[in-house]
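**Student:** Here it is, the structure, as structure tokens.
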Amino acid sequence: MKVGLPRALLFYYYDPLWQAFFHALDIETVTSGATTPHIVDNGVRNSVAEICVPIKIFCGHVVELLATDVDAVFIPRMITVEERKRFCPKFLGLPDMMRYTVPGLEGRLLDPDIQCRQESLADAQDYESLAKMLGKSGREVKRAFAVASEQWEVFRRYHRSGMNIDEAMAALNKKENPVYEPPKNEKRLTIAVLGYVYNIYDSFVGMDIIKKLRLMGADVVTFEMLDDGSVAEKLQRYSKTTPWTFTNKLLGAGYDFFEDPKIDGMIHVTAFGCGPDSMLGRLLEFIAVDHGKPFMTIRVDEHTGEAHLSTRVEAFTDMLRRKKFPVR
Ligand code: SF4
């Protein structure tokens with residue numbers, strides 16, 4: 001069996017886990033390529049107009065995979081990975097959305113429900129239905145989950161040591177020097193970039209914002225580098241939370257970054273049509289005002305040009321630099 005994995009949405013958070021899972025079951029995987037204008041066009045053509053940009057892009061990746069010889073496309077229904085929080089409703093309905101909008105997917109859709117209390121999916125329970133879909137035994141699937149969870153924990157440990165998603169993936173794949181070394185003796189800024197992994201690390205949506213900021217003399221921190229305990233503590237202290245897992249992670253990270261004196265400013269990257277971000281964005285703006293910290297929102301859609309993003313990022317870093325290193 002050959003399973004297609006769309007390089008979109010939670011690919012940027014869970015790919016090491018799913019790769020290890022399928023590998024442990026001796027199932028071949030094929031990942032779609034990096035997002036291109038062609039993929040975006042296909043996604044837009046096959047989605048309803050009102051849906052957020054990341055879902056349109058996901059749809060484009062599914063179309064891309066269906067054009068290959070994969071037997072099935074893996075689209076799990078991500079429901080919950082912690083107590084009392086759920087994924088954004090778009091994730092809950094993702095397999096159905098794809099089934100009814102992408103021609104040719106019916107019969108080639110692998111859509112298990114993921115409902116756990118641990119982010120590592122170590123406590124996944126529903127082995128039998130997934131085993132049936134994959135033609136394996138429940139015991140084999142259970143064992144594969146255990147192997148995959150361990151691999152994913154290594155990935156998360158890399159994050160907590162200061163690596164971003166790209167660097168942690170490179171480290172897992174044993175690439176040499178995966179971590180960016182900033183130039184020495186340069187007056188550098190530290191900027192927090194907040195956004196869903198599929199907005200920051202998809203080079204079409206995020207337009208390599210981390211790379212751009214580094215070239216402009218800024219070190220970048222992101223939510224996944226924070227310790228889960230510290231984020232949970234902030235969320236408890238500030239008491240305002242949201243019901244969605246990843247939105248909440250970003251909010252907790254926002255509280256943390258705004259309190260951190262090492263952070264010179266923060267950029268929120270959001271996609272057009274995102275419901276949860278309409279709430280998150282406002283909350284972040286209020287906290288920024290309370291802490292007197294520079295804050296900027298960049299909203300991208302399928303038409304956003306790179307020049308727009310570069311100009312705004314450049315203006316923001318210039319402003320932070322003048323504030324931090326005033327010319328006398
Ligand atoms: S959180 Fe926002 S961007 Fe992500 S899937 Fe939900 S609506 Fe779309």
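**Student:** Do you know which residues across the stretch 1-55 are assigned to a strand (DSSP E or B) and without any contact (Cβ under 8 Å) to a residue 60 or more places away in the chain?
**Tutor:** 28, 29, 30, 31
**Student:** Which one of the conditions (1) of a type outside the set (Lys, Arg); (2) free of Cβ contacts under 8 Å to residues at least 40 places away in the same chain; (3) within 25 Å of residue 140 (Cβ to Cβ) does residue 70 fail to meet, given that it meets all the rest?
**Tutor:** (2)
**Student:** While we're looking at this one, here's another question. Condition first: assigned to a helix (DSSP H, G or I) and in contact (Cβ under 8 Å) with a residue 12 or more places away in the chain. Now tell me which residues in the stretch 185-227 satisfy that.
**Tutor:** Hits for the stretch 185-227 are 197, 198, 199, 200, 209, 210, 212, 213, 214, 223, 224, 225.
**Student:** Quick check on residue 64: is it at negative phi and crowded, with 20+ Cβ neighbours inside 10 Å?
**Tutor:** The answer is yes for residue 64.
**Student:** A further question follows. Search the stretch 236-250 for residues being part of a loop (DSSP other than H, G, I, E, B) and either over 11 Å from residue 279 (Cβ atoms) or not basic (Lys, Arg) (or both), and hand back the single one that is farthest from the chain's Cα centre (by Cα).
**Tutor:** Going through the qualifying residues, I end up with 239.
Yes/no per residue for (1) under 22 Å from residue 36 (Cα atoms); (2) in contact with a strand residue (DSSP E or B) (Cβ under 7 Å, 6 or more places away or on another chain):
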site	(1), (2)
148	no, no
151	no, no
162	no, no
170	yes, no
173	no, no
189	no, yes
201	yes, no
211	yes, no
216	no, no
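Residue-by-condition table, conditions (1) without any contact (Cβ under 8 Å) to a residue 12 or more places away in the chain; (2) more than 30 Å from residue 47 (Cα to Cα); (3) in contact with a His (Cβ under 9 Å, 6 or more places away or on another chain); (4) buried (at least 20 other Cβ atoms within 10 Å of the Cβ):
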{"site": "240", "(1), (2), (3), (4)": "no, yes, no, no"}
{"site": "250", "(1), (2), (3), (4)": "no, no, yes, yes"}
{"site": "256", "(1), (2), (3), (4)": "no, yes, no, yes"}
{"site": "271", "(1), (2), (3), (4)": "no, no, no, yes"}
{"site": "282", "(1), (2), (3), (4)": "yes, no, no, no"}
{"site": "291", "(1), (2), (3), (4)": "no, yes, no, no"}
{"site": "297", "(1), (2), (3), (4)": "no, no, yes, no"}
{"site": "322", "(1), (2), (3), (4)": "yes, yes, no, no"}
{"site": "327", "(1), (2), (3), (4)": "yes, yes, no, no"}
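**Student:** Now a separate question. Those residues that are within 16 Å of the ligand (Cβ to nearest atom) and either hydroxyl-bearing (Ser, Thr, Tyr) or within 17 Å of residue 268 (Cα to Cα) (or both), I need them from the stretch 231-243; list them, please.
**Tutor:** If the condition is that a residue be within 16 Å of the ligand (Cβ to nearest atom) and either hydroxyl-bearing (Ser, Thr, Tyr) or within 17 Å of residue 268 (Cα to Cα) (or both), then 241, 242 are the ones that fit.
**Student:** Okay, next question. Tally the residues that are closer than 27 Å to residue 188 by Cβ and hydroxyl-bearing (Ser, Thr, Tyr), restricting the search to the stretch 265-303.
**Tutor:** Total satisfying the criteria: 2.
**Student:** Right, something else. Does residue 65 qualify as being away from the ligand (no atom under 16 Å from the Cβ) and touching a residue at least 24 places away in the same chain (Cβ under 8 Å)? Give the steps one after another, and end with the answer.
**Tutor:** On the way: away from the ligand (no atom under 16 Å from the Cβ): yes; touching a residue at least 24 places away in the same chain (Cβ under 8 Å): yes.
In short, yes.
**Student:** So which strands (runs of 3 or more DSSP E) are wholly in the stretch 72-155 and hold at least 3 residues that are within 16 Å of the ligand (Cβ to nearest atom) and within 21 Å of residue 248 (Cα to Cα)?
**Tutor:** Result: 77-80.
**Student:** Hey, can you tell me all the residues within the stretch 250-273 that are at pLDDT 95 or above, of a type in the set (A, V, I, L, M, F, W, C) and within 16 Å of the ligand (Cβ to nearest atom)?
**Tutor:** Answer for the stretch 250-273, where residues must be at pLDDT 95 or above, of a type in the set (A, V, I, L, M, F, W, C) and within 16 Å of the ligand (Cβ to nearest atom): 250, 251, 253, 269.
The values are calculated or read from the model by the stated rules, or taken from the named source; none is laboratory data. As the structure is a prediction and not an experimental result, all values here were calculated from the model. Cβ: placed from backbone, ideal geometry, glycine included. Neighbour counts: every protein chain shown.
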